[in-house]
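Below is one structure, written out as structure tokens; the observations come after it.
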């Protein structure tokens, strides 16, 4: 599919989660292409009744009324170390099926479990998740993510996290780290290592 985008939606035992946030992002992507008529994403999902699944909905602005849905049994990745990588030109503002730039950076992870991307001197995201850091009673997420994830948006709306510019030199000031995405929600990682 040319110029295609996706939503990754969590389903547990047939129940799908946080659909309004996925619907809103899907609509905002189509808006950037001048499209103002939408499908209702929940109408396309018929997740398996047992287990945890990643529902992958792929769509294209060229054919906005066609949505391809696949279901993938979900297994959580273990993340204990992040390789800090730098790229001032990377752009992933829409959740595109083309992840070439991210994959190129991910190939630099070495023995680490994932990467932490720095753009224009500021922390952004890992390869698969937004990130948040804990300090003085507050969870802080970078003001400059590559992708404004649905879980990040929801937690900001709920007042559970706040935005702030974060530099690599600031990492030492935080006592905890959490990864955020649709599948893991808000996952606090104990004793994570940052490798420069």
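The values are calculated or read from the model by the stated rules, or taken from the named source; none is laboratory data. Everything numeric here is computed off the predicted structure, so don't read it as measured data. Quick reminder, even Gly has a Cβ in these numbers, built from the backbone with ideal geometry, and neighbours come from all protein chains shown.
Some notes on this structure:
- Odd one out for residue 49 among (1) touching a residue at least 24 places away in the same chain (Cβ under 8 Å); (2) in contact with a strand residue (DSSP E or B) (Cβ under 8 Å, 6 or more places away or on another chain): (2)
- Answer residue from the stretch 53-90, given it is touching a residue at least 60 places away in the same chain (Cβ under 8 Å) and over 30 Å from residue 37 (Cβ atoms) and is surrounded by the most Cβ atoms within 10 Å (Cβ to Cβ) among those: 82
- Residue ID - modelled with the highest pLDDT, chosen from residues in the stretch 165-186 that are surrounded by fewer than 16 Cβ atoms within 10 Å (Cβ to Cβ) and part of a strand (DSSP E or B): 185
- The residues on offer are 79, 84, 67, and the sole one that is over 30 Å from residue 31 (Cβ atoms), at pLDDT 95 or above and not in a loop (DSSP other than H, G, I, E, B) is 84.
- Options 59, 38, 92; residue that is more than 16 Å from the chain's Cα centre (by Cα) and part of a loop (DSSP other than H, G, I, E, B): 38
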